[in-house]
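Structure first, commentary second.
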Amino acid sequence: MDISLVVPAFNEEESINEFYTRSIIVLNSLNKNYEIIFIDDGSTDQTLDKIKSLSVKDPNIHYISLLRNSGKAVSLQKGFEMAQGEIILTMDADIQDEPEEIPKFIKKLDEGYDMISGWKQKRNDPLEKIIPSKIFNFFLRFFSGLQLNDFNCGFKAYKNHVAKNLSIYGELHRFIPIILYFQGYKISEIPITHNERKYGKSKYGITRYFVGMMDFCTIILTVKFRTKPLHLFGGIGLIISLIGFIILLYLSCLWFFDIRSIESRPLFFLGILMFTAGIQFVTTGLLAELITQSNDKVLNSAIIKEKN
């Protein structure tokens with residue numbers, strides 16, 4: 001199998017047929033073997049029935065139906081597990097992204113990249129979605145070091161082994177480029193056309209960005225610092241302890257020269273609190289380091305690039 005197109009769908013009954021028609025025109029023009037895998041994420045409308053009808057008439061169509069709505073990350077994970085193509089593409093079924101741009105992703109992958117992410121350069125969404133998205137993307141660029149403009153675009157392309165090495169859950173699909181970047185893969189992006197929603201309504205609210213920030217902390221802890229937790233907890237602890245120590249040193253100088261009483265000053269208790277909290281962070285890091293050292297699977301989690 002050359003290409004697998006993985007398509008999560010939740011209550012997209014109006015767009016499924018148009019998405020299918022446009023996609024197969026593009027895929028047939030590539031003269032490659034392909035499959036389209038729809039993942040029905042517990043839809044409550046006729047989405048699954050329409051997907052079943054397509055699979056009956058087209059042997060290239062496969063589908064997975066989840067018992068309940070489990071989220072996009074779970075849908076993608078199930079799709080990756082089922083996909084057989086050397087190149088795995090993901091797209092949403094709402095046709096805001098254009099299937100006609102699939103060849104651009106394949107061409108970019110051929111330049112030596114492991115994953116290509118779409119960049120909705122001109123986004124046709126309401127301002128209440130655009131502004132938080134820009135802030136969210138800026139935050140991710142700043143803290144991850146990965147210079148992408150659009151981390152959460154659903155239109156992506158992967159080499160097979162890259163997608164197969166992913167393990168995502170919850171809301172972690174937003175951070176796939178960061179997860180792969182921390183693992184050492186080569187990531188790039190290309191501008192794509194983004195259309196106004198033609199059918200249905202968005203399934204996401206502004207609260208996803210707050211949840212996303214918490215998930216980003218999960219990524220930092222479980223991916224970047226997975227084998228070196230002391231670097232994270234110890235670093236935070238040393239900074240907090242140093243601030244507490246400076247506060248206490250300052251107050252001690254006041255007390256030593258008998259300038260003023262310090263026992264009743266709020267700053268005195270703040271200094272003690274910060275110094276103690278810092279030590280606790282360092283201790284937590286040491287304990288996490290001991291747990292990590294006893295787990296060979298974590299220590300040997302590096303991904304093999306080549307083997308002879």
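The values are calculated or read from the model by the stated rules, or taken from the named source; none is laboratory data. Predicted, not measured: the structure shown is a model, and the values here were computed from it. A quick note on method: Cβ atoms are made from the backbone with ideal geometry, for glycine too, and the neighbour counts reach across all protein chains shown. The protein model used for the area step is the full one, side chains on, heavy atoms only, and it has no ligands, DNA or RNA in it. Shrake-Rupley method; radii C 1.70, N 1.55, O 1.52, S 1.80 Å.
Being hydroxyl-bearing (Ser, Thr, Tyr) and under 22 Å from Val7 (Cα atoms): is that true of Ser117 here? First the steps, then the outcome.
Working: hydroxyl-bearing (Ser, Thr, Tyr): yes; under 22 Å from Val7 (Cα atoms): yes.
Answer is yes for this residue.
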## Note on the structure
Pairing a residue in the stretch 164-188 that is closer than 12 Å to Ile116 by Cα and of a type in the set (Lys, Arg) with any residue that is open to solvent by 20 Å² or more (accessible area, probe 1.4 Å) and assigned to a loop (DSSP other than H, G, I, E, B), where Cβ atoms lie under 8 Å and the two sit 6 or more apart in sequence or on different chains, gives Lys186/Gly112; Lys186/Tyr113; Lys186/Asp114
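Can you find, within the stretch 124-175, the residue that is surrounded by the fewest Cβ atoms within 10 Å (Cβ to Cβ) among those that are of a type in the set (Lys, Arg) and at pLDDT 85 or above? Working first, answer last.
Going residue by residue through the stretch 124-175, those that are of a type in the set (Lys, Arg) are 129, 134, 141, 156, 159, 164, 174.
So of that shortlist, the ones also at pLDDT 85 or above come out as 141, 156, 159, 164, 174.
Working: Arg141: 15, Lys156: 22, Lys159: 18, Lys164: 13, Arg174: 24.
Ranking the candidates gives Lys164 first.
Among the residues of the stretch 77-94 satisfying the criterion of being open to solvent by 10 Å² or more (accessible area, probe 1.4 Å) and aliphatic (A, V, I, L, M), which is nearest to Met115 (Cα to Cα)?
We begin by selecting, within the stretch 77-94, every residue open to solvent by 10 Å² or more (accessible area, probe 1.4 Å); these are 77-78, 81-82, 84, 86-87, 92, 94.
Subsequent filtering for residues that are aliphatic (A, V, I, L, M) retains 82, 87.
Details: Met82: 18, Ile87: 10 Å.
The selected residue is Ile87.
Based on this model, can you work out whether Leu148 counts as free of Cβ contacts under 8 Å to residues at least 60 places away in the same chain and touching a strand residue (DSSP E or B) at 6+ places or on another chain (Cβ under 6 Å)? So that I can check it myself, show each step before the final result.
Details: free of Cβ contacts under 8 Å to residues at least 60 places away in the same chain: yes; touching a strand residue (DSSP E or B) at 6+ places or on another chain (Cβ under 6 Å): yes.
So Leu148 passes the test.
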### Message
Tell me yes or no: at least one residue of the stretch 205-228 is in a helix (DSSP H, G or I), of a type in the set (A, V, I, L, M, F, W, C), at pLDDT 80 or above and surrounded by 14 or more Cβ atoms within 10 Å (Cβ to Cβ).
### Response
no
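Sort through Ser70, Ser75, Ser43, Ser4 and tell me the only one that's under 22 Å from Ile176 (Cβ atoms) and in a loop (DSSP other than H, G, I, E, B).
Values: Ser75 fails: in a loop (DSSP other than H, G, I, E, B); Ser43 fails: under 22 Å from Ile176 (Cβ atoms); Ser4 fails: in a loop (DSSP other than H, G, I, E, B).
Being under 22 Å from Ile176 (Cβ atoms) and in a loop (DSSP other than H, G, I, E, B) holds for just one of Ser70, Ser75, Ser43, Ser4, which is Ser70.
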### Task
Inspect the stretch 239-252 for any residue being in a helix (DSSP H, G or I), surrounded by 14 or more Cβ atoms within 10 Å (Cβ to Cβ), β-branched (Val, Ile, Thr) and modelled with pLDDT under 80 and give the result as yes or no.
no
### Message
Going by what's in this entry, would Val26 be described as in contact with a Pro (Cβ under 9 Å, 6 or more places away or on another chain), surrounded by fewer than 20 Cβ atoms within 10 Å (Cβ to Cβ), in a helix (DSSP H, G or I) and at pLDDT 90 or above?
### Response
yes
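Would you pick out the residues in the stretch 142-177 that are assigned to a helix (DSSP H, G or I) and in contact with a Ser or Thr (Cβ under 9 Å, 6 or more places away or on another chain)?
Asn160, Ala163, Leu172, His173, Phe175, Ile176, Pro177
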### Task
Out of Val7, Val56, report the one residue that is over 17 Å from Ser75 (Cβ atoms) and among the β-branched types (Val, Ile, Thr).
Val56
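Could you identify the single residue in Ile102, Ile95, Ile64 that is part of a strand (DSSP E or B) and either over 22 Å from the mean Cα position of the chain (by Cα) or touching a residue at least 12 places away in the same chain (Cβ under 8 Å) (or both)?
On the way: Ile102 fails: part of a strand (DSSP E or B); Ile95 fails: part of a strand (DSSP E or B).
When all the criteria are applied, what remains is Ile64.
Would you be able to say whether some residue in the stretch 103-122 is farther than 23 Å from Lys186 by Cα and either basic (Lys, Arg) or at pLDDT below 90 (or both)? Lay out the reasoning, then the answer.
Here is the first cut: in the stretch 103-122, the residues farther than 23 Å from Lys186 by Cα are 122.
Now restrict to residues that are either basic (Lys, Arg) or at pLDDT below 90 (or both): 122.
Within the stretch 103-122, one or more residues are farther than 23 Å from Lys186 by Cα and either basic (Lys, Arg) or at pLDDT below 90 (or both).
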### Task
Answer with yes or no whether Ser70 is within 20 Å of the chain's Cα centre (by Cα), open to solvent by less than 30 Å² (accessible area, probe 1.4 Å) and either under 16 Å from Ser188 (Cβ atoms) or among the small types (Gly, Ala, Ser) (or both).
no
